């Protein structure tokens, strides 16, 4: 990603699954966290089931 940043290209990560048609979360132009898929899109909620000590677990999207 640093290579793209270095030449002025912004890359935005996102997360989605087919069942959610298709996007659940995405980074925004003004709000980006490297290594993150971003925040839930409008009217979407995300819950992490059974998180471990690092906060990692099953991603469970749903509607708000």
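The numbers here are math on the coordinates, done by the rules we state, and not lab data. These numbers come from a predicted model, not from an experiment. We place every Cβ from the backbone using ideal geometry, glycine too, and count neighbours over all the protein chains shown.
Per residue, the chain reaches -1500 deg cm²/dmol at 222 nm when only DSSP H runs of four or more residues are counted, each adding -39500 (n - 2.57).
Please compute the modelled spin-label separation between residue 58 and residue 3, points set 7 Å along Cα→Cβ, answer in nm with one decimal. Using points 7 Å along Cα→Cβ, the separation is 3.7 nm. Segment residue 44..residue 21, full-extension length gain: 7.1 nm, with 0.36 nm per residue of separation and the alpha-carbon distance subtracted.
When Cα Rg over 2.2 N^0.38 Å is calculated for this entry, the matching label among (i) 1.73; (ii) 1.26; (iii) 1.17 is (ii).
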